[in-house]
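K.L.:
Here you go, one structure.
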Amino acid sequence: MKEFYNIKYKPTGYVFTMEKAEVDRLIEEEPENFEVVDEDYNMPESAEKDKSTYEKVVIQVEEEKAEVLPKKVAKTKKK
Amino acid sequence: MARDAIDLQYPTYDTTDSVGSKKITKQAVTQANGIELKKAFSGKDNSVVVYVENTYSSADSTLTIKAGEKQNAKLGDCNVALTKATALSGGGVTPTLTEVRINRDMARFERNNGSIYLDFSSSFTGNVWATAEKAGL
């Protein structure tokens, strides 16, 4: 028997009813865009451990910036 | 399984260049195959619109625009929720139409041959087509 859960698309607030497998996938892949409305929903373990692709990219970009940008040089007073 | 291919469909404008129209050709979706939107970048900038006609009425579905093969692919796939069709009491359904604009960061989805891959959630049934403004004068 298929389980269905209500999942909210955060940007619009619209709620969709989807099969659990699909809800699990959306929560794992795009937690920044989707959230489950039902309280009895159990999040898949992998979603709790892993960061979304979006979060990984943001972190990666920040790390790359840190490597590329030169360190701030302390201002020296002109004599 | 090879993807079913669709092409962009371009409206033809009237002699005053004010109104464009196009008789649309729909592609039935075979969920297991997915869709390849060919030459997705040949239209005018920021004008690609994908239409999904959902005829599955048991639950809402999902369209996944797959990450491409270029630099912005690192942002990953993008999922769009699709409202289910309305089941009619006498049988049959009233389809639901969803308009999806892929016009902000299309490069995220660009494959090396210039196409974009579209996938649908497991139970989805329906039709898909895509339109764009013709590039050039």
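Values quoted throughout were computed directly from the atomic coordinates according to the rules given, and no laboratory measurement underlies them. These numbers come from a predicted model, not from an experiment. FYI the Cβ positions are ideal-geometry reconstructions off the backbone, even for glycines, and counts take in every protein chain you see.
K.L.:
Rg over Rh of segment B:49-131, using C-alpha atoms and the Kirkwood radius, what does it come to? Each step should come with its number before you reach the end.
P.N.:
Working: Rg = 14.3 Å, Rh = 13.6 Å.
Looking at segment B:49-131, the ratio lands at 1.06.
K.L.:
Starting from the eigenvalues of the Cα gyration tensor, five times each then square-rooted, give me the equivalent ellipsoid semi-axes of segment A:1-45, largest first, whole Å.
P.N.:
16, 12, 9
K.L.:
Can I ask one more? If only Cα atoms are counted, what is the Rg of the protein assembly as shown, and what is its Dmax, in Å?
P.N.:
For the protein assembly as shown, the Cα radius of gyration and maximum Cα-Cα distance read 21.2, 91 Å.
K.L.:
Let me confirm one metric for peptide A:16-23, namely the mean number of other chain beta-carbon atoms within 10 Å of its residues' beta-carbons.
P.N.:
Averaged over the peptide's residues, the number is 6.
K.L.:
Can I ask one more? Under Stokes-Einstein, with the Kirkwood radius over Cα pairs standing in for Rh, what whole-number D in µm²/s applies to segment B:94-137 at 10 °C and 1.306 mPa s?
P.N.:
120 µm²/s
K.L.:
Here is a follow-up. So what's the gap between the Cα centers of segment B:95-134 and segment B:21-76, to the nearest angstrom?
P.N.:
That distance is 2 Å.
K.L.:
Once you average over the residues of B:57-64, how many Cβ atoms of partner chains fall within 10 Å of each Cβ?
P.N.:
The mean count of partner-chain Cβ atoms within 10 Å per residue comes to 5.
K.L.:
If I take the Cα coordinates of segment B:1-91 and project them onto the principal axes, what are the three extents in Å, biggest first?
P.N.:
46, 41, 23
K.L.:
I would also like to ask the following. Would you mind putting B:48-58, B:1-11 in packing order, based on average other-beta-carbon counts within 10 Å, highest first?
P.N.:
On the way: B:48-58: 19.5, B:1-11: 15.0.
The densest-packed peptide leads the list: B:48-58, B:1-11.
K.L.:
Going by average Cβ neighbours within 10 Å, how do the peptides A:8-21, B:61-74 rank, with the highest at the top?
P.N.:
Working: A:8-21: 15.1, B:61-74: 17.9.
Sorting A:8-21, B:61-74 by mean packing, highest first, produces B:61-74, A:8-21.
K.L.:
I've got another one for you. With respect to the cross-link table entries A:8/B:66; A:65/B:134; A:2/B:74; A:8/B:74, which display a Cα-Cα separation exceeding 31 Å?
P.N.:
With Cα atoms farther than 31 Å apart: A:65/B:134; A:2/B:74.
K.L.:
Right, another one. Spin-label point model (7 Å from Cα, Cβ direction): what's the residue B:105 to residue B:86 distance in nm?
P.N.:
3.6 nm
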